[in-house]
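Student: Encoded as structure tokens, here's the structure I'll be asking about.
The values are calculated or read from the model by the stated rules, or taken from the named source; none is laboratory data. Worth saying up front: this structure is predicted, and the values here are computed from it rather than measured. Cβ coordinates were reconstructed from backbone atoms using ideal geometry, including for glycine residues, and neighbour counts include every protein chain displayed.
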Amino acid sequence: MADTEALLAAWSERSDGEAAAWARARPGPSLESVATRISRIPQEFLDERISLRALAGDILGGQISASAFDEDPRVRQGAAIGLWLVASEDVLEPLEPALASGWAALAVDALALRVAPVASPSDWTSDDERRTEAARTFLLWCGFLPAGEDAATAASLLAACDSLARNRALAEAFEGHRHRAEIARKLAEARRKEAAARYSSE
Amino acid sequence: MSDPDLRGALALAEYAPGEAAVLSDAERWPTIDAAGTARLTRWREHPDAPHWTHATGDRLTAEQVQRVRHPLSTDGWLVDHLAAARRTLRYRGMPTDAALDDFPTISRSDLVDDLAAFVPLDADLSRMLHGTSSGSTGAALLIPDDVEEVARGFHLLVALAASAGATVTADGERVAVANLVFQRQAFTYVSTISSFAHRAMARLNLHPTAWSGLDARARFLAEADPQILSGHPTSLAELLDAGLDAVLHPAVVFSGAMALSAALRARLHAAFECPVVDVYGLHETRPIAARTDDEPFRVLDRRVHVEVWDPRREVALPLGEMGEIVVTAGENPLLPLVRYRTGDYGRLVHLDDGVLGIADLEGRQNTRFRAGDGTLVPCVELTQHLQARGAQGWSIEQAASGRVHAVIVGGDEPAIRVALDALLGVEIELRQVERLIDLGEGKPRRYRSAVPD
């Protein structure tokens with residue numbers, strides 16, 4: 001298994017920051033509709049013999065960052081459940097609005113690298129709270145607020161079920177990775193823009 | 001630099017014209033009015049204007065314009081500052097009642113290694129600008145500048161001018177401030193100051209290659225006639241050497257970045273008949289102290305706390321003893337530094353009026369090299385090229401014979417050799433070493449020259 005902190009660090013690099021995700025989130029499908037589909041995942045998605053890269057390629061038409069950690073069963077299962085959510089719109093019917101209209105690959109990585117390392121995916125089908133955590137996380141990174149919720153409500157409800165918050169040492173380590181990645185992103189963004197006029201030499 | 005083949009060796013991508021100019025004028029100056037826009041147009045399109053290489057503004061919103069006109073309060077600032085520091089990754093394990101004395105010193109290498117660990121977790125990153133500091137040991141450092149702190153810098157100059165008896169006014173159309181550099185390649189731009197009635201300011205490169213001709217340079221400066229001239233010793237010396245003092249009437253002159261010699265200050269004072277303020281500060285710390293004479297530097301009345309420490313041990317030194325200047329700096333909310341070792345040396349003294357002073361300040365350098373064709377090349381030009389080619393540190397000496405002996409730490413040695421050849425055109429002995437310590441203990445001087453300054 002990959003080091004849990006390394007997976008969280010990889011997620012910090014992959015995501016563009018939670019603030020940005022909440023800012024762009026728009027009204028999406030209901031929480032229940034996503035949670036229900038998680039509990040209905042076909043067993044073949046969880047088959048260890050299936051290549052995560054091949055599955056992602058088929059469903060998303062592209063790759064996910066989680067593939068780099070596909071030897072880790074948590075990552076494999078988390079990613080597989082995310083890929084099932086995307087595939088389910090073809091197999092069953094599209095959600096309203098369709099998940100495929102959002103950032104599906106980012107949402108799959110969020111399940112695999114942000115949730116799976118701290119809340120075992122095997123619990124997502126059996127434990128209501130873990131399933132809710134996975135569904136809320138998927139919606140956020142896919143670019144959606146659960147139907148009927150505003151961003152503030154959705155943020156506080158996701159924070160309340162965040163498994164990472166229950167592991168202080170890991171949460172602090174993640175905060176460090178997240179902050180460093182955020183500063184690096186902001187500095188690069190500031191560099192792409194312009195400096196400000198300066199009045200004296202230092 | 002007569003060999004055209006060598007010109008490519010001196011191209012620095014980030015100084016290419018317009019390289020990072022991506023904002024609209026409305027983003028650069030959100031509150032600009034018609035008169036401000038007219039000023040921009042006037043100086044941008046002036047027939048004698050230099051080849052502007054860049055465009056940049058102060059980016060202030062209407063609320064920020066109001067705020068930056070006033071200095072940050074210093075009442076109880078240190079308590080809030082240490083609280084902000086504890087909200088960084090670096091210090092979050094510190095107890096909530098930790099006082100300044102509980103904090104260790106940090107140095108530039110700490111920032112180079114893990115800058116984000118010094119930015120508060122709750123900092124407002126939307127205010128972040130990108131700054132770089134060349135520093136005194138060589139390794140370039142990215143610095144998260146704060147948009148309001150940078151803008152407040154202008155009003156600090158006005159306040160320092162006032163305390164020296166000089167008045168800077170938003171009446172009339174004189175350019176408010178010209179920030180002067182003198183190097184082959186530099187960012188230059190014209191801007192307006194949103195918090196100063198949108199009066200114009202400009203960053204100007206006095207190097208002849210930046211202008212269509214020396215007459216154009218003189219005419220432009222005469223018409224702009226900036227109220228504040230700010231620069232470093234190299235650019236200010238060029239004003240005098242080129243006789244440009246004849247067309248300028250500054251209310252105040254500021255020198256920074258490098259040590260201003262008493263002789264040059266006296267020349268500036270005589271030429272301009274106005275206060276000449278030498279400001280000591282680092283990009284990381286913002287301005288720390290200033291002086292207008294040969295007396296010790298006066299520590300500024302702002303969010304800055306100065307100590308002197310043993311340069312090699314974690315021991316603070318008593319008043320009066322020579323050591324490394326260590327600064328706790330609270331003006332930039334994105335980088336609340338605690339006990340930052342500056343790499344500069346001095347003694348703390350109490351001045352007559354009770355203000356803390358820094359005596360015998362040394363460490364900042366202003367060295368010029370003589371090129372094969374007789375021109376003087378300021379050390380900042382060497383710094384640009386050495387850093388652009390990855391050197392982590394260096395020691396470069398020029399003997400009276402003109403021969404240059406250079407030791408570099410890391411970097412692209414063949415490319416550095418080409419660049420030094422192109423810049424200086426003299427015989428160069430270049431040696432590459434692996435570690436900074438290989439340059440010598442303490443704070444090795446980056447530049448020495450037998451050429452008189």
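Student: Only one residue in A:Arg180, A:Arg198 is within 30 Å of B:Ala151 (Cβ to Cβ), assigned to a helix (DSSP H, G or I) and within 12 Å of another protein chain (Cβ to nearest Cβ), so which one is that?
Tutor: A:Arg180
Listed here are the residues, each with its yes/no results for (1) in contact with a Lys or Arg (Cβ under 7 Å, 6 or more places away or on another chain); (2) crowded, with 22+ Cβ neighbours inside 10 Å; (3) polar (S, T, N, Q); (4) part of a strand (DSSP E or B).
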position	(1), (2), (3), (4)
B:His305	no, no, no, yes
B:Arg313	no, no, no, no
B:Gly320	yes, no, no, no
B:Arg347	no, no, no, yes
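Student: Among the residues of the stretch A:1-47, which ones are touching a helix residue (DSSP H, G or I) at 6+ places or on another chain (Cβ under 7 Å) and among the charged types (D, E, K, R)?
Tutor: Hits for the stretch A:1-47 are A:Glu5, A:Glu13, A:Arg14, A:Asp16, A:Arg37.
Student: From the list B:Thr234, B:Thr188, which one is over 28 Å from B:Thr31 (Cα atoms), surrounded by 20 or more Cβ atoms within 10 Å (Cβ to Cβ) and of a type in the set (Ser, Thr, Tyr)?
Tutor: Numbers: B:Thr188 fails: over 28 Å from B:Thr31 (Cα atoms).
Answer to the check: B:Thr234.
Student: Determine, yes or no, whether B:Glu284 is in contact with a strand residue (DSSP E or B) (Cβ under 9 Å, 6 or more places away or on another chain), part of a loop (DSSP other than H, G, I, E, B), within 13 Å of chain A (Cβ to nearest Cβ) and of a type in the set (D, E, K, R).
Tutor: Values: in contact with a strand residue (DSSP E or B) (Cβ under 9 Å, 6 or more places away or on another chain): yes; part of a loop (DSSP other than H, G, I, E, B): yes; within 13 Å of chain A (Cβ to nearest Cβ): yes; of a type in the set (D, E, K, R): yes.
Answer is yes for this residue.
Student: Mind checking which residues of the stretch B:181-229 are within 22 Å of B:Leu382 (Cα to Cα), under 22 Å from the mean Cα position of the chain (by Cα) and modelled with pLDDT of 95 or more?
Tutor: Matches in the stretch B:181-229: B:Arg203, B:Leu204.
Student: Give, as residue ranges, the helices (runs of 4 or more DSSP H) completely inside the stretch A:17-69 that count at least 1 residues that are within 27 Å of A:Cys161 (Cα to Cα).
Tutor: On the way: elements: A:18-24, A:31-39, A:52-60.
In the stretch A:17-69, A:18-24, A:31-39 are the helices (runs of 4 or more DSSP H) which contain 1 or more residues that are within 27 Å of A:Cys161 (Cα to Cα).
Student: For A:Ala79, state whether it is among the aliphatic types (A, V, I, L, M) and more than 19 Å from A:Glu133 (Cβ to Cβ). So that I can check it myself, show each step before the final result.
Tutor: Values: among the aliphatic types (A, V, I, L, M): yes; more than 19 Å from A:Glu133 (Cβ to Cβ): no.
Spelling it out, it is not the case that A:Ala79 is among the aliphatic types (A, V, I, L, M) and more than 19 Å from A:Glu133 (Cβ to Cβ).
Student: Continuing with the same structure: If you check B:Ala164, B:Ala210, B:Ala176, B:Ala186, which single one turns out to be within 12 Å of another protein chain (Cβ to nearest Cβ) and touching a Ser or Thr at 6+ places or on another chain (Cβ under 8 Å)?
Tutor: Details: B:Ala164 fails: within 12 Å of another protein chain (Cβ to nearest Cβ); B:Ala210 fails: within 12 Å of another protein chain (Cβ to nearest Cβ); B:Ala176 fails: touching a Ser or Thr at 6+ places or on another chain (Cβ under 8 Å).
Result of the check over B:Ala164, B:Ala210, B:Ala176, B:Ala186: B:Ala186.
Student: Within the stretch B:372-407, can you find the residues that are touching a helix residue (DSSP H, G or I) at 6+ places or on another chain (Cβ under 6 Å) and either in the same structural domain as B:Gln183 (by TED's automatic domain parsing) or under 23 Å from B:Pro311 (Cα atoms) (or both)?
Tutor: Within the stretch B:372-407, B:Gly393, B:Trp394, B:Ser395 qualify.
Student: From B:Gly411, B:Gly425, grab the single residue that is within 30 Å of B:Tyr280 (Cβ to Cβ) and crowded, with 17+ Cβ neighbours inside 10 Å. Give the derivation first.
Tutor: Values: B:Gly425 fails: within 30 Å of B:Tyr280 (Cβ to Cβ).
The match here is B:Gly411.
Student: Out of the stretch B:366-390, which residues are touching a Cys at 6+ places or on another chain (Cβ under 8 Å) and either surrounded by fewer than 19 Cβ atoms within 10 Å (Cβ to Cβ) or part of a strand (DSSP E or B) (or both)?
Tutor: Narrowing the stretch B:366-390 to residues touching a Cys at 6+ places or on another chain (Cβ under 8 Å): B:366-369.
The answer is B:Arg368, B:Phe369.
Student: Pick from B:Val177, B:Val252, B:Val277: which is out of contact with any Asp or Glu (no Cβ under 8 Å at 6 or more places or on another chain) and within 30 Å of B:Glu324 (Cβ to Cβ)? Can you show your working first?
Tutor: Numbers: B:Val177 fails: within 30 Å of B:Glu324 (Cβ to Cβ); B:Val252 fails: within 30 Å of B:Glu324 (Cβ to Cβ).
Testing whether each residue is out of contact with any Asp or Glu (no Cβ under 8 Å at 6 or more places or on another chain) and within 30 Å of B:Glu324 (Cβ to Cβ) leaves just B:Val277.
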